[in-house]
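Right, one structure below, let's go through it.
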Ligand code: SF4
Ligand code: SF4
């Protein structure tokens, strides 16, 4: 079990399956300081700022390229420490397979697509693939210069998730200014993701936490027949699955448990297993 589940899952097994994470009461909760200063709660204030980001210049990406600094031993260690500290308290996420993404939609209230902020900044185009939940879309719509959102029903939202899966995007549940507040499911191309990049490039683990699962291949089912096969390898955005001696093999150190490899396998040779029960992947978040 990850730290987040230990603290927030209660009887629901996973932190993001706890209905509390979707309540407006939690979103609008005021601190004592908010009351004294007679101001709106932080989650609402930040959402307002986020909506302003709809007008950021396109693209501004490279300004956050920290790679040279992270490579330096002392400075790099400090950046990682601060990065992990901020990620948990602000806005970051955990990979979830499609099945859990569907459960999240069931728990959520209003569902609406936003353009992916990351792809906007890194690539300069607006792709509507960030599935947000009430009250985020309501606030974005109220903002005079905010995002134009596309409202969906629950079934439509699930169909969209399947469509994103077909494209090979990784689903990740994102919290908003602290757990367990769930704000959205991002559907990521990790090359452009502002959460996945710090994780993959700079090893800031809390920015993009691995799923509660890990993939396993049944060698008896895997045909491993290149060039016809190997679809699983192509679909893995993390380079975690390879063909060795005619069989697909998962590297449990690299696997994020997104489950995308499964959808490329006509032999149904790949399953997701509970990370907590996996001999090697257990504890690798
Ligand atoms: S092997 Fe790759 S695609 Fe499959 S679950 Fe792991 S990270 Fe995801
Ligand atoms: S797609 Fe399936 S059958 Fe093909 S190599 Fe991957 S696991 Fe094996």
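Things worth noting here:
- Condition check for residue 217: farther than 29 Å from residue 118 by Cβ and buried (at least 19 other Cβ atoms within 10 Å of the Cβ): yes
- Criterion applied to 253, 194, 213, 208 was being more than 9 Å from ligand 2 (Cβ to nearest atom) and either free of Cβ contacts under 8 Å to residues at least 24 places away in the same chain or over 30 Å from residue 107 (Cα atoms) (or both), and the one residue passing it is 253.
- From the list 265, 188, the one residue that fits, being surrounded by 24 or more Cβ atoms within 10 Å (Cβ to Cβ) and touching a residue at least 12 places away in the same chain (Cβ under 8 Å), is 188.
- Taken over the range 220-229, the criterion of being surrounded by 17 or more Cβ atoms within 10 Å (Cβ to Cβ) and either within 13 Å of ligand 1 (Cβ to nearest atom) or touching a residue at least 40 places away in the same chain (Cβ under 8 Å) (or both) is satisfied by 222 alone.
- Residue 253 part of a loop (DSSP other than H, G, I, E, B) and not assigned by TED's automatic domain parsing to the domain that holds residue 268: no
- Of all residues in the range 196-213 being within 15 Å of ligand 1 (Cβ to nearest atom) and outside any helix (DSSP H, G or I), the one that is farthest from residue 252 (Cα to Cα): 208
- Residue list for the range 10-20, restricted to those being touching a helix residue (DSSP H, G or I) at 6+ places or on another chain (Cβ under 7 Å) and either part of a helix (DSSP H, G or I) or not assigned by TED's automatic domain parsing to the domain that holds residue 177 (or both): 15, 16, 17, 19, 20
- The number of residues in the range 234-248 that are near ligand 2 (Cβ under 10 Å from one of its atoms) and buried (at least 18 other Cβ atoms within 10 Å of the Cβ) comes to 4.
- Selection over the range 266-283 of residues that are part of a loop (DSSP other than H, G, I, E, B) and touching a strand residue (DSSP E or B) at 6+ places or on another chain (Cβ under 8 Å) gives a count of 3.
The values are calculated or read from the model by the stated rules, or taken from the named source; none is laboratory data. Just so it is clear, the structure is predicted and the values come from calculations on it, not from any experiment. No Cβ is skipped: glycine too gets one built from the backbone with ideal geometry, and neighbour counts run over all protein chains shown.
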